[in-house]
């Protein structure tokens, strides 16, 4: 299934979890990928080259901290300088945070907003510019069900993801006529390291509240992101896809 | 993507339904193509599409204004003994009239076709899916059900019923590993728009982010997505395919 054949896409947060799975799946669907991680590491370089070889696609690692605008701009310049026009951006990188409202420090709040909202926002600004020049593209922002539902202890995290979600919707209105689509994905409970921040009781309770009675796999989030990047979703924009097993 | 899956598509005669048959066939699925009547051109379309894609298409006749007819069509599907992997409920009718001018007969007829017949068929097909332990059901609603559109009281209310049905069925059938999702198309290039006045159509398209109508094939691709494993962790969702509307 080559639904991403000839697509060149940037995926942030490819080091693990949903990002790593998305990189792998998109590569298997034929996409060339700029794979972002926060800092250089050899294991990551190695897995990028292995996946690239396995699926006969180009995977180029790029490194920057989402809070570091200068480094981000350097990476964007690298993307702009390459011959390949960018067709897609999957903004996946983010941090998770749990604390009660009254216990959330200003520093916690700032960090959530910086990494989950302002970083992806600015990156998208840069990438949109390139896409508009290329005549189109698709933006996929990975938000969270916590951005839509009321979850205890998720005020800072949920608000940062809600900000991302709303910005993506608003953006879709502005860039539609330039052939750029923008959609969000709201994963529910997903089998990643992020689960480690939840108590076992909460996990069980959440799983029980889903219609499918199970956690999602990272690859099941990845496949929806791939669909939204692909031309299969060419008339879909401004939407939020909940990928949560039915909550 | 849908290789060797067996899928029931209703409303297959024209518009989104017909395009769905073509698209699903190209993705490798075998199809029961249900229509309220079978003419020679539809039968030819079915056999040509089947041959082209090296799959099977079984044309089936069923009158969606008659529960008995829908039940007998369901029996024909189940008789084949093939496992049913997917059901796409496209069949639907509309008759525009403002609220005060809507007759009870029209209200009843639209509800019967769009909701009753759809749910009766779904009940039958579900049996096979429950036995098999998996399946995916896709209901076609409309943005009219979510946004409200003047002059579409009976249509929008019937399509809103499908949204409620989707959410409840997703809850009930989730533990059987059957997913149920719903698509709400916006302005799609089909015969349903022929009666919409030019200026209203223009205003609607201007309100979309993409500034254009959708093609039936674009809706068919979203349907294929929901039938496929790409959406294996999605259920109970209502997805708008409308080019972006505020």
* Would you say residue A:20 is under 22 Å from residue A:130 (Cβ atoms), touching a residue at least 40 places away in the same chain (Cβ under 8 Å) and buried (at least 17 other Cβ atoms within 10 Å of the Cβ)? -> no
* Looking at (1) surrounded by fewer than 24 Cβ atoms within 10 Å (Cβ to Cβ); (2) at the interface with chain B (Cβ under 10 Å from one of its Cβ atoms); (3) part of a helix (DSSP H, G or I), which is the only condition residue A:202 fails? -> (2)
* Asked: Condition test on residue A:236, is it facing chain B (nearest Cβ under 8 Å) and within 27 Å of residue B:227 (Cβ to Cβ)?
  -> yes
* Structure fact -> Counting only residues in the range A:1-17 that are within 14 Å of another protein chain (Cβ to nearest Cβ) and touching a residue at least 60 places away in the same chain (Cβ under 8 Å), the one nearest to residue A:135 (Cα to Cα) is identified as A:4
* Test: residue in the range A:118-127 that is in a helix (DSSP H, G or I) and surrounded by fewer than 17 Cβ atoms within 10 Å (Cβ to Cβ) -> yes
* To do: Scan the range A:33-52 for residues that are within 13 Å of residue A:90 (Cα to Cα) and either within 14 Å of chain B (Cβ to nearest Cβ) or touching a residue at least 40 places away in the same chain (Cβ under 8 Å) (or both) and jot them down.
  => A:34, A:36
* Hey, among the residues in the range A:216-233 that are within 10 Å of chain B (Cβ to nearest Cβ) and out of contact with any helix residue (DSSP H, G or I) (no Cβ under 6 Å at 6 or more places or on another chain), which one's surrounded by the fewest Cβ atoms within 10 Å (Cβ to Cβ)? -> A:231
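If you scan the range A:87-114, which residues turn out to be in a helix (DSSP H, G or I) and more than 22 Å from residue A:69 (Cα to Cα)? Please lay out each step first, then the result.
So the first thing to find is which residues in the range A:87-114 are in a helix (DSSP H, G or I), and the list is A:101-103, A:106-114.
If the condition is that a residue be in a helix (DSSP H, G or I) and more than 22 Å from residue A:69 (Cα to Cα), then A:101, A:102, A:103 are the ones that fit.
Residues of the range A:30-86 being assigned to a helix (DSSP H, G or I) and within 22 Å of residue A:135 (Cβ to Cβ), which ones?
Just the residues of the range A:30-86 that are assigned to a helix (DSSP H, G or I), to begin with: A:42-55, A:69-81.
Of everything in the range A:30-86, those that are assigned to a helix (DSSP H, G or I) and within 22 Å of residue A:135 (Cβ to Cβ) turn out to be A:76, A:77, A:78, A:79, A:80, A:81.
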* Do we find that residue A:194 is over 13 Å from the mean Cα position of the chain (by Cα) and more than 8 Å from chain B (Cβ to nearest Cβ) in this structure? -> yes
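Would you check if residue A:162 is surrounded by fewer than 23 Cβ atoms within 10 Å (Cβ to Cβ), away from chain B (no Cβ under 11 Å), over 30 Å from residue B:217 (Cα atoms) and within 15 Å of the chain's Cα centre (by Cα)?
yes
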* Asked: Can you pull out the helices (runs of 4 or more DSSP H) entirely within the range B:140-246 that have at least 1 residues that are within 10 Å of another protein chain (Cβ to nearest Cβ) and over 16 Å from the mean Cα position of the chain (by Cα)?
  -> B:153-173
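Bear in mind these aren't lab numbers, they're just calculated from the coordinates by the rules spelled out. Predicted model only: the values in this text are computed from it and were never measured. Quick reminder, even Gly has a Cβ in these numbers, built from the backbone with ideal geometry, and neighbours come from all protein chains shown.
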